[in-house]
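This report concerns only the one structure given below.
The values are calculated or read from the model by the stated rules, or taken from the named source; none is laboratory data. Computed from a predicted structure; not experimentally measured. FYI the Cβ positions are ideal-geometry reconstructions off the backbone, even for glycines, and counts take in every protein chain you see.
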Amino acid sequence: MAQLRDGFQSRIGFVLAAAGAAVGLGNIWGFPTQAANHGGGAFLLVYFIVIFLLALPALYTELYLGHQAQSNPVNALRQAWQEKAPKVGAAAGYLGLSGAIVMLSFYSIVAGWMLAYSLEPISRAMGFEQINAFLQGDSTARNLIFTPLMLLLTASIILKGVKSGIEAWSRRLMPMLLLLLVALIAYIATLDGAAEGFSAYLKPDFAKITDPDLIIAAMGQAFFSLSLGVGCMMIYGSYLKPNENLPKLTFSVAALDTGVAFLAGLLIIPAVFVAQHNGVQVFQDGKLIGEGRLIFAVLPELFSSMGAIGLWVGLTFFVLMSIASLTSTISSTEIPVSFLVENHGLQRKTATWWVTVVIMVVATTIIFNFDWLFGLVITLFTQYQLPLMGLFYFITVGWMWKRGNQLRSESKGKHYWFAQYVRFVCPVLMSAVFLNVAVK
């Protein structure tokens, strides 16, 4: 007997869940670093334009595929390509499925670091020096402890389903994330050096606004920050009720995600300038330090220099990062779980544990081959699979999918101009993003 399909029960629940899927570690440190290194306010202006021109159509396209199919990405893409080459559509779905597992494997490792760093202020306050060093150290043992912890946290939510698990916890976690983010911004704004950071972030350098590197960087960041191309949005779209206003919901998700990214910049950039004011190196070769060194070196040094209050600020910051990690791992885990439930008839509990075990096996492989495999996995996934899958979605909706596709069926209707935009303009823009990262 087929299992009754779960789904979102409210629009706000969906928006918070989908925005949570998009809001991740890339938003919190990737977006601010890109902005600081590409003209500050000029980057923000171009980013907002690109969100409207590329990211919104891409988000709508992915949500639309899932919403129309009311099924997981493998089935959705197979149905969309049914008249042309169903095996091609299914193969793309399986590629996205594999990508979700690989992404979860390395993302869970990084998310585990966030959990460890969120405990570090507590151990420091209690005087546990050895534990404190372990939590801050880059060791295989730490990865083997905290990666499973993040996977278990994720599984505990997925086990409860869409309504009682994903939606319920998104309604709790996303407001908490926003509250912590605003509270940290308010506190950092009171410190010496913060004003210079706000200026660097918000003041436009219009001489750079036509810089091709800035434009391509904004396009890439807009696409990646919305978690497009792996199927997260497709599976969430499939859990919406058939009569939902998809364009309005798409705009709400993009607006919330973009708002969080903007707020992250209001926190991170002033914070690193406060750190610079306190003697911490924050620039290297004329560029703001990014990636792991920003999160795991510069900011902890800042928190340590702040005395007793630094313990609470550090704790709050890494709890914020842990929440951002968790909302993303939830959405990615749901992709293979839904596939096993719908295509192979497994119970959700069984499917969840199978997926968790597989992800842990892959993550463990990465951990024991960390020096060369971690960077390779991230590069292949973020620079190649995501933009190619995004391009594939545009081609699917714009060119290949006919039956049931309102964007194609109403040749002169209300969707006409948007359909032409998806068919001709979006593939060109998406190809530009891919070619840029490929040549680099």
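The rows are residues; the columns are (1) modelled with pLDDT of 90 or more; (2) part of a helix (DSSP H, G or I); (3) over 20 Å from E167 (Cα atoms).
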site	(1), (2), (3)
A255	yes, yes, no
Q281	no, no, yes
A297	no, yes, yes
I330	yes, yes, no
E334	yes, yes, no
N343	yes, yes, yes
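When the stretch 225-253 is examined, which residues are found to be under 13 Å from the mean Cα position of the chain (by Cα) and part of a loop (DSSP other than H, G, I, E, B)?
L226, S227, L228, G229, V230, G231
Any residue that is surrounded by 21 or more Cβ atoms within 10 Å (Cβ to Cβ) and under 12 Å from T396 (Cα atoms) - is there at least one of those in the stretch 42-53?
Taking every residue of the stretch 42-53 in turn, none turns out to be surrounded by 21 or more Cβ atoms within 10 Å (Cβ to Cβ) and under 12 Å from T396 (Cα atoms).
When the residues of the stretch 63-93 are filtered to those that are in a helix (DSSP H, G or I) and within 20 Å of the chain's Cα centre (by Cα), which remaining residue is surrounded by the most Cβ atoms within 10 Å (Cβ to Cβ)?
Pass one, the stretch 63-93, residues in a helix (DSSP H, G or I): 63-69, 73-80, 86-93.
From the residues that got through so far, the ones that are within 20 Å of the chain's Cα centre (by Cα) too are 63-66, 73, 93.
Values: L63: 26, Y64: 25, L65: 27, G66: 25, P73: 34, G93: 28.
Per the stated criteria, the residue is P73.
Conditions first: (1) in contact (Cβ under 8 Å) with a residue 60 or more places away in the chain; (2) over 30 Å from F198 (Cα atoms). P86 passes all but one, so which condition is the exception?
Result: P86 fails condition (1) only.
Is there any pair linking a residue in the stretch 250-278 that is closer than 19 Å to E301 by Cβ to one that is acidic (D, E) and assigned to a helix (DSSP H, G or I), with Cβ under 6 Å and at least six apart or on different chains, and which?
Partner pairs satisfying both residue conditions: F273/E196.
Among the listed residues G20, G26, G13, identify the single one that is among the small types (G, A, S), surrounded by 24 or more Cβ atoms within 10 Å (Cβ to Cβ) and assigned to a helix (DSSP H, G or I).
Working: G26 fails: surrounded by 24 or more Cβ atoms within 10 Å (Cβ to Cβ); G13 fails: surrounded by 24 or more Cβ atoms within 10 Å (Cβ to Cβ).
Unique residue meeting the criteria: G20.
Testing E167 on (1) surrounded by fewer than 19 Cβ atoms within 10 Å (Cβ to Cβ); (2) modelled with pLDDT of 90 or more; (3) charged (D, E, K, R), one condition comes back false. Which one is that?
(1)
Counting just the residues of the stretch 402-434 that are of a type outside the set (K, R), surrounded by 12 or more Cβ atoms within 10 Å (Cβ to Cβ) and part of a loop (DSSP other than H, G, I, E, B), which one comes out modelled with the lowest pLDDT?
Across the stretch 402-434, the extreme among qualifying residues is E410.
Tell me, yes or no, whether the stretch 173-185 has at least one residue that is touching a residue at least 60 places away in the same chain (Cβ under 8 Å), touching a Gly at 6+ places or on another chain (Cβ under 9 Å) and under 18 Å from S10 (Cα atoms).
Yes, that holds for at least one residue.
Please enumerate the residues belonging to the stretch 244-263 that are surrounded by 24 or more Cβ atoms within 10 Å (Cβ to Cβ) and under 17 Å from H38 (Cα atoms).
Across the stretch 244-263, the qualifying residue is only A261.
With the stretch 105-222 as the region, which helices (runs of 4 or more DSSP H) entirely inside it contain at least 2 residues that are of a type in the set (K, R) and farther than 29 Å from D371 by Cβ?
Details: elements: 129-136, 140-158, 168-188, 194-202.
In the stretch 105-222, 168-188 are the helices (runs of 4 or more DSSP H) which contain 2 or more residues that are of a type in the set (K, R) and farther than 29 Å from D371 by Cβ.
Within the stretch 283-295, restricting attention to residues that are outside any loop (DSSP other than H, G, I, E, B) and buried (at least 18 other Cβ atoms within 10 Å of the Cβ), which residue is modelled with the highest pLDDT?
Within the stretch 283-295, the first condition is being outside any loop (DSSP other than H, G, I, E, B), and the residues that meet it are 283-284, 287-288, 291-295.
Applying the additional criterion that residues be buried (at least 18 other Cβ atoms within 10 Å of the Cβ) yields 288, 294-295.
Numbers: L288: 74, L294: 74, I295: 80.
Only one residue tops the list, namely I295.
Kindly list the number of the only condition in (1) touching a Gly at 6+ places or on another chain (Cβ under 8 Å); (2) surrounded by 22 or more Cβ atoms within 10 Å (Cβ to Cβ); (3) aliphatic (A, V, I, L, M) that fails for L97.
Here L97 meets the rest and fails (2).
Counting only residues that are within 13 Å of M103 (Cβ to Cβ) and free of Cβ contacts under 8 Å to residues at least 24 places away in the same chain, how many does the stretch 363-379 have?
Residues in the stretch 363-379 being within 13 Å of M103 (Cβ to Cβ) and free of Cβ contacts under 8 Å to residues at least 24 places away in the same chain: 1 in total.
Is there a residue being out of contact with any helix residue (DSSP H, G or I) (no Cβ under 7 Å at 6 or more places or on another chain) and more than 22 Å from L77 (Cβ to Cβ) anywhere in the stretch 377-385?
Yes, the stretch 377-385 contains a residue that is out of contact with any helix residue (DSSP H, G or I) (no Cβ under 7 Å at 6 or more places or on another chain) and more than 22 Å from L77 (Cβ to Cβ).
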